[in-house]
1. How fast does the chain diffuse by Stokes-Einstein, in µm²/s, taking the Kirkwood radius from C-alpha pairs at 25 °C and 0.890 mPa s?
2. Return the whole-Å distance between the Cα centroid of region 200-225 and the Cα centroid of region 164-190.
3. List, largest first, the extents of the alpha carbons of region 179-258 along their principal axes, each in whole Å.
4. Looking at the calculated P(r) for region 104-227, what percent of the C-alpha pair distances fall above 26 Å?
5. From the helices alone, meaning DSSP H stretches of at least four residues, give me the mean residue ellipticity at 222 nm for the chain, per-run term -39500 (n - 2.57), in deg cm²/dmol to the nearest 500.
6. Among 256, 145, rank each residue by its count of other Cβ atoms within 10 Å, from fewest to most, as a rough exposure measure.
7. Of the peptides 149-162, 37-50, 241-254, 180-193, how do they stack up when ordered by the mean number of other Cβ atoms within 10 Å, highest first?
8. Residue 246 versus residue 34, label points 7 Å from Cα toward the beta carbon: distance in nm?
């Protein structure tokens, strides 16, 4: 994580947010974070080494995770061997633990995938916090969702970088809750992607249902505007308004080659 300069006021804000349950850090200077969805000062925002989480304290799962994945990062070689999920003791919010998932029938689904953080051991360890985890169908996790995650890494290598936002869609919560901590099982999962290439932005989104059926990319994509209507989130608000409207309403299939 990059070093950040703190004013007295921003330190006070960090302390206050930590006391109410979240670890939150102010943006560095005037840095524009293209990957971050719109969010409020009251949201539980947690900065990890390489990605940002907005944690849903009521559902006990992330509302979204966001990061930029570059070509160099997508070509990382760090192993995930020996790494396991654990609660983040620094985030004083109710989280899942191993017992919630044990014998639940659901796998531990990374939202920020470990495979996108092979560029640094600490960064990969940070993806194994339960603040970055959702109950996910095992066949989806190892199948169609894994195909999509691998495709994002391919796009990062091809285009230089990809801005990624990933999260759950709770929907009707058909899977109920698991464990003593009552972890919400989402109905589906989304990815919203933004690429800057040849002096223009390109966007696409995906939704996959939290079940074992095979879900191919050509059947799972949609526009970012369509995803915003489903999720209630505002993606990529740092685009200027005219660009945002075009990029989020259009999917250029020839550009993404799906």
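Read-outs: derived from the displayed coordinates by stated rules, not from any lab. Predicted model only: the values in this text are computed from it and were never measured. So basically every Cβ, Gly included, is an ideal-geometry build from the backbone, and we count neighbours across all protein chains shown.
1. Details: Rh = 18.7 Å.
Once the numbers are plugged in, D ends up at 131 µm²/s.
2. So the separation of the two Cα centres works out to 17 Å.
3. 49, 27, 18
4. The share of Cα pairs beyond 26 Å in region 104-227 comes to 22 percent.
5. Rounded to the nearest 500, it is -7000 deg cm²/dmol.
6. On the way: 256 18, 145 24.
Taking fewest neighbouring Cβ atoms as first place, the list is 256, 145.
7. Ranking the peptides 149-162, 37-50, 241-254, 180-193 by packing returns 180-193, 149-162, 37-50, 241-254.
8. Reported label-point gap for residue 246 and residue 34 is 1.5 nm.
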